1. Every residue in region 85-94 that is among the aliphatic types (A, V, I, L, M) and either in a loop (DSSP other than H, G, I, E, B) or at positive phi (or both), please.
2. Residue by residue through region 281-331, note down the ones that are polar (S, T, N, Q) and in contact (Cβ under 8 Å) with a residue 60 or more places away in the chain.
3. In the set K120, K102, K128, which member is within 14 Å of the ligand (Cβ to nearest atom), without any contact (Cβ under 8 Å) to a residue 24 or more places away in the chain and either in contact with a helix residue (DSSP H, G or I) (Cβ under 9 Å, 6 or more places away or on another chain) or farther than 23 Å from T13 by Cβ (or both)?
4. Taking only region 155-179 into account, find how many residues are modelled with pLDDT under 95 and either under 21 Å from T105 (Cα atoms) or surrounded by fewer than 18 Cβ atoms within 10 Å (Cβ to Cβ) (or both).
5. Being exposed (fewer than 15 other Cβ atoms within 10 Å of the Cβ) and either in contact with an Asp or Glu (Cβ under 6 Å, 6 or more places away or on another chain) or touching a residue at least 60 places away in the same chain (Cβ under 8 Å) (or both) is the filter here, so list the residues in region 235-261 that pass it.
6. Starting from residues that are buried (at least 17 other Cβ atoms within 10 Å of the Cβ) and polar (S, T, N, Q), keep the ones in region 44-68 and report whichever is farthest from R30 (Cα to Cα).
7. Quick one: S110 ticks every box in (1) over 23 Å from A43 (Cα atoms); (2) within 16 Å of the ligand (Cβ to nearest atom); (3) part of a loop (DSSP other than H, G, I, E, B) bar one, so which box is it?
8. Given S198, S149, S232, S224, which one is assigned to a helix (DSSP H, G or I), within 16 Å of the ligand (Cβ to nearest atom) and either under 18 Å from the mean Cα position of the chain (by Cα) or touching a residue at least 24 places away in the same chain (Cβ under 8 Å) (or both)?
Amino acid sequence: MEEVKKKDIRALTREQLRDFFESQGDKAFRGNQVYEWLWQKSAHSFDVMTNISKETRDMLEANFVINHIKVDQMQRSSDGTIKNAVRLHDDLVVESVLIPTKSRTTACVSSQVGCSLDCKFCATARLKRMRNLNPDEIYDQVVAIDNESRLYFNRPLSNIVFMGMGEPLMNYNNVLKAIDKITSPEGLGMSPKRITVSTSGVPKLIKRMADEEVKFKLAVSLHSAIDQTRTSIMPFNAKFTLADLREALEYWYQKTKSRITYEYVVWEGINDTKKDIDALVDFCRFAPSKVNLIEYNPIDDGMFQQASNKAVDTYVETLERNGIVVTLRRSRGKDIDAACGQLANKS
Ligand code: SF4
């Protein structure tokens with residue numbers, strides 16, 4: 001007999017679940033109960049839904065699956081950083097990272113298996129983009145890190161950054177749906193102000209987010225404010241130029257009044273001259289901005305090398321002199337390949 005393909009129950013909205021129960025001659029509120037189990041309580045099986053009769057649970061089991069992620073391997077760095085290798089229902093693997101500091105725990109989550117883009121300095125770019133993650137797969141990564149934060153650091157997760165594998169805006173709908181669940185009281189109830197979506201800069205989609213009046217924060221992996229340089233390290237910049245990016249970001253700021261953060265690595269021989277710094281200062285002028293200077297983690301072939309301390313110091317001084325907020329981000333989790341740009345399913 002041909003096996004009936006069961007549906008992923010977490011692809012259903014609360015309304016659809018209520019309708020499903022009604023169509024089975026049951027009460028619609030049963031849909032609310034199941035929805036709560038699936039999202040607020042992150043149930044991995046129908047069996048744990050103890051306020052629902054055995055008969056109903058069997059009926060759910062016959063019709064649906066819960067495609068929960070599985071943390072296959074957890075590695076802990078000497079600095080406390082944790083990297084999870086997360087296995088998806090179709091056996092593909094992504095990575096997510098827990099970054100602890102004195103006062104906060106940040107989850108760095110993935111949005112795609114592999115990546116649609118091809119930044120030259122990034123290990124993920126070497127993996128072919130296999131597929132987008134579903135909203136529940138993104139949500140589950142956050143729940144797994146929240147649990148680890150409570151277990152190892154005695155506190156809940158405080159912040160989320162979409163800086164893991166993938167370009168979040170190339171998986172726009174699912175990322176926004178996942179954020180909806182993370183921030184909704186029916187999910188984790190986290191404030192959107194604690195969530196940052198980090199993009200390489202897809203102008204059209206930045207404008208769309210502004211139009212949708214999203215409440216989370218925006219970060220842009222800039223790395224150069226000179227088109228020629230940026231295109232050489234982030235080839236898609238040939239299509240989405242800095243002028244288009246800037247126009248989209250101006251639009252974003254007008255609509256949201258939310259400061260923009262630029263992620264920026266200074267590489268030796270690539271963007272470590274005065275001309276590069278001046279271009280960055282100029283790029284930052286149109287809206288309140290913050291620059292995160294991130295320490296680079298070499299990914300093996302040595303084409304990209306972190307610039308000297310002197311070059312980085314000159315960046316800091318010049319940005320500060322021009323009234324631009326700048327922070328220096330030391331890399332975390334280097335010993336387990338969990339640092340920025342290093343996620344490549346190596347473990
Ligand atoms: S840096 Fe981000 S956008 Fe660029 S290839 Fe890596 S994962 Fe994709």
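1. L88, L92
2. If the condition is that a residue be polar (S, T, N, Q) and in contact (Cβ under 8 Å) with a residue 60 or more places away in the chain, then N292 is the only one that fits.
3. K128
4. Number of matching residues: 3.
5. If the condition is that a residue be exposed (fewer than 15 other Cβ atoms within 10 Å of the Cβ) and either in contact with an Asp or Glu (Cβ under 6 Å, 6 or more places away or on another chain) or touching a residue at least 60 places away in the same chain (Cβ under 8 Å) (or both), then P235 is the only one that fits.
6. N67
7. Of everything listed in (1) over 23 Å from A43 (Cα atoms); (2) within 16 Å of the ligand (Cβ to nearest atom); (3) part of a loop (DSSP other than H, G, I, E, B), S110 misses just condition (1).
8. Residue meeting the stated conditions: S232.
The values are calculated or read from the model by the stated rules, or taken from the named source; none is laboratory data. Bear in mind the structure is a predicted one, so any value in this text is a computation, not a measurement. With ideal geometry, Cβ positions are generated from the backbone for all residues, glycine too; neighbour counts draw on all protein chains shown.
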